[in-house]
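Only the coordinates and a few stated rules stand behind these numbers; no lab work does. None of these values were measured; they are calculated from a predicted model. Note that each Cβ is placed from the backbone with ideal geometry, even for glycine, and that neighbours are counted across all protein chains shown.
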Amino acid sequence: MQDFIKKARLLGVGLFYLGKEKVEETVAELIKKGELTEKEGRALMIELLAKSKAATKDLEGRIQQMMADAQARLHAPLIKEIDALKKRIARLEKAASAGKPGSRKKAAPPAKPGR
């Protein structure tokens, strides 16, 4: 599960840097065409990169939360089963120590006559 989270995080980082390259490329084209000044282009690039980074962090957070939720759902039945088994063991130990029928203690072998 940790491996999946690590891969998802790396994917997010990869998408961020891929996005960064694409943003830089697009802004450079807009500046070249004269649709943006260099100052506007830098400001736009900074804004878009900040949004991309925030979206990447949000995606990572969502993935981690989903994994934590899935792990909790998987472990909940196990915890209930373990608790039930602990209670059963306690009842059996109590019955065994009280000498009740159904206990697991073996009775002493009967004595041989004449000895």
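Here are the numbers for the structure shown:
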quantity: Residue satisfying condition, being surrounded by 10 or more Cβ atoms within 10 Å (Cβ to Cβ), within 28 Å of Gly19 (Cβ to Cβ) and of a type outside the set (Lys, Arg), within set Leu74, Leu92, Leu44; calculated: Leu44
quantity: Verdict on Met67 being in contact (Cβ under 8 Å) with a residue 60 or more places away in the chain and surrounded by 15 or more Cβ atoms within 10 Å (Cβ to Cβ); calculated: yes
quantity: Residues satisfying the stated conditions in segment 24-78, i.e. polar (S, T, N, Q) and either in contact with an Asp or Glu (Cβ under 7 Å, 6 or more places away or on another chain) or assigned to a helix (DSSP H, G or I) (or both); calculated: Thr26, Ser52, Thr56, Gln64, Gln65, Gln71
